[in-house]
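Asker: Okay, handing you the structure first.
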Amino acid sequence: MLAANRENGEIKLKKKRLIVGITGASGSIYGLTLLKALNAVDQIEIHLIVSGSARYIFNEEIGEDALDKAVSLSHFYYDIKDLAASVSSGSFKTDGMIIAPCSAKTLSAVANSYGNNLICRAADVVLKERRQLVLLFRETPLNLGHIENMDKVTRMGGVILPPVPAFYNKPESLDDIINHSIGKALDLFSVEHNLYKRWGPGVDKS
């Protein structure tokens, strides 16, 4: 649920402010789907950062206009090299950050507080300010370095959410599988959505 405050006798919804990072791991469709889902929800302010490698992956996996589409779905878009951007400071309040997909390189940088670009710096800020950080880590199989870096991020308060498909909701398309992972990420920020069918065995006899 979104927070609300009362002003002049009227209840106004307080916007959620979320940072979205898209890195060069395979799976740029996760980033684009996340942006579409957030854009469909009122009162969410989207701050987007796309890595240089992600630009190439967008073209290879989705199409030449995919990156332009992603940018159009954000409210604020930042250059990956702009370490003076608002999202690089803890004084700029946000509700957290989702990196989708998250590459092994970015995971390593976040795990070791290496803010060499704006995605990694923004993630470091989110962690130090005790805000919600979710990484859709897109790599398999895993080596020990990956596992140790996931452990570090988890100990710092981040959430590792590999885009692992579920089958209890009987997916009928690739979109169904992608939507489930994005829906799980949005659940962590209490963002309402209908991206997947939730588990609910039994019959309500009330």
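Values in this text are rule-based calculations from the coordinates and carry no lab data. Model, not experiment: these values are computed from the prediction. FYI the Cβ positions are ideal-geometry reconstructions off the backbone, even for glycines, and counts take in every protein chain you see.
Asker: Please give me the summed charge of the neighbours of Val125: other residues whose Cβ is under 15 Å from its Cβ, Lys and Arg +1, Asp and Glu -1. All intermediate terms of the calculation are to be shown ahead of the outcome.
Answerer: Numbers: positive: Arg17, Lys93, Arg121, Lys128, Arg130, Arg131; negative: Asp82, Asp95, Asp124, Glu129.
Charge balance in the 15 Å sphere: +2.
Asker: Take Lys36, Lys128 and order them by how many other Cβ atoms sit within 10 Å, fewest up front.
Answerer: On the way: Lys36 15, Lys128 12.
Going from sparsest to densest Cβ surroundings: Lys128, Lys36.
Asker: Residues with amide H under 5 Å of Leu133's amide H, sequence separation 5 or more or different chain, H placed in the peptide plane at 1.01 Å from N; which?
Answerer: Those lying under 5 Å, H to H, from Leu133 are Met97, Val159.
Asker: How do Tyr30, Tyr114 rank when sorted from fewest to most other Cβ atoms within 10 Å of their own Cβ? Write down the numbers at each step before the final one.
Answerer: Working: Tyr30 23, Tyr114 14.
Sorted ascending by nearby Cβ count, the order is Tyr114, Tyr30.
Asker: How much of the DSSP bridge set in the chain is antiparallel, in percent, rounded to the nearest 5? Walk me through the intermediate numbers first.
Answerer: Numbers: 4 of 25 bridges.
Bridges in the chain are about 15 percent antiparallel.
Asker: Given Lys15/Lys197; Lys16/Lys184; Lys15/Lys128; Lys93/Lys197, which pairs have Cα atoms separated by over 28 Å?
Answerer: Details: Lys15/Lys197 26 Å; Lys16/Lys184 17 Å; Lys15/Lys128 22 Å; Lys93/Lys197 32 Å.
From the list (Lys15/Lys197; Lys16/Lys184; Lys15/Lys128; Lys93/Lys197), the Cα-Cα distance tops 28 Å for Lys93/Lys197.
Asker: If I take every Cα pair under 8 Å that is 6 or more residues apart in the chain, average their sequence separation and divide by the length, what percent do I get for the relative contact order?
Answerer: Contact order relative to length: 20 percent.
Asker: Mind sorting Val126, Val153, Val164 by how few other Cβ atoms lie within 10 Å of their own Cβ, fewest first? The partial results should precede the final answer.
Answerer: Details: Val126 25, Val153 22, Val164 11.
Ordered by Cβ neighbours within 10 Å, fewest first: Val164, Val153, Val126.
Asker: Answer with a single label: of (i) 1.04; (ii) 0.99; (iii) 1.23, which was calculated as Cα Rg over 2.2 N^0.38 Å from the structure in view?
Answerer: So the structure-derived entry is (i).
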